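The values are calculated or read from the model by the stated rules, or taken from the named source; none is laboratory data. Only a predicted model underlies this, so the values are computations on that prediction, with no experimental measurement involved. Neighbour counts are summed over all protein chains in view; Cβ atoms, including those assigned to glycine, are modelled from backbone coordinates with ideal geometry. The accessibility values were calculated without ligands, DNA or RNA, using every heavy atom of the protein model including side chains. Shrake-Rupley method; radii C 1.70, N 1.55, O 1.52, S 1.80 Å.
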Amino acid sequence: MKIIQKLILVLVVILFPLFVVTCSIRVALTPIYVNMEYNRPGFPADAYGFITADRLQWGQYSIDYLLGKVSDRDFTAQTLPDGTPLFNARELSHMQDVRDLSLVVLQIWKGLCLFYALALLASLAWKWPGQFLRALRDGALATIALIAAILTAVWMNFNLLFTKFHQLFFEGDSWLFYLTDNLIRLFPLTFWQDLFLFIGACTILFCLIPILLSLSRKHS
């Protein structure tokens, strides 16, 4: 039993950064982020005609596709009010790649949710909730240090980080587009820069929960 307990606690610490980051990504894939981002003061306007309402409509539709709520057939056939396709073949190919990656991330998130739920139940059943909370705290502290480093990298050179991310997960130059492409008009570079910061901020907030609970338990 002690060996199983130690193994679970080690995994709780090691997997915590991935757990809270995937939780933050899941939050970012809700309407919360796109509504906040498109409506925030200073968000760059589209020089080719999309207004905020257009971006909200097509941006959320694109996210629904990433979540698997929209089929490939419907997404490929989607047109703008003037009858032109929402995305060209190159954009559709990239969106399919992003959708495939998103679905993998969401499966990992679901698996981690299950693991942490079972770990919590085990800690309560076998009477070591204090050790479980300390493991969460240690994972949270390590995650905050990691996120701080990433956010510093975003602040110092986001373009390089953005490029390296795409080179890691996507083949060739399939992720490069013209400024007139609808994908860029909906999701300009500012959108992605703010998204990295949003995910980082959410991750830190999630990390604060076990840290504050641990402090509260210590002083109770």
(request) Assess whether Gly130 counts as being at pLDDT 95 or above, among the small types (Gly, Ala, Ser) and either out of contact with any Phe, Trp or Tyr (no Cβ under 8 Å at 6 or more places or on another chain) or within 30 Å of Phe187 (Cα to Cα) (or both). (result) no
(request) Considering each residue of segment 45-89, count those that are of a type in the set (Lys, Arg) and open to solvent by less than 60 Å² (accessible area, probe 1.4 Å), and give that number. (result) 1
(message) Within segment 75-116, take every residue that is over 20 Å from Thr30 (Cα atoms) and acidic (Asp, Glu) and give me the one that is nearest to the chain's Cα centre (by Cα).
(response) Glu91
(message) Quick check on Arg40: is it open to solvent by less than 20 Å² (accessible area, probe 1.4 Å), more than 26 Å from Gln107 (Cα to Cα) and among the basic types (Lys, Arg)?
(response) no
(message) So, in segment 137-194, how many residues would count as being part of a helix (DSSP H, G or I) and either modelled with pLDDT of 80 or more or within 24 Å of Val27 (Cα to Cα) (or both)?
(response) 40
(message) For segment 196-220, which positions are more than 25 Å from Val105 (Cβ to Cβ) and open to solvent by 50 Å² or more (accessible area, probe 1.4 Å)?
(response) Leu212, Leu213, Leu215, Ser216, Arg217, Lys218, His219, Ser220
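Residue by residue, here is whether (1) more than 30 Å from Tyr178 (Cβ to Cβ); (2) in a helix (DSSP H, G or I) holds:
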residue: Leu15; (1), (2): yes, yes
residue: Leu18; (1), (2): yes, yes
residue: Val34; (1), (2): no, yes
residue: Glu37; (1), (2): no, yes
residue: Gly42; (1), (2): no, no
residue: Ala47; (1), (2): no, no
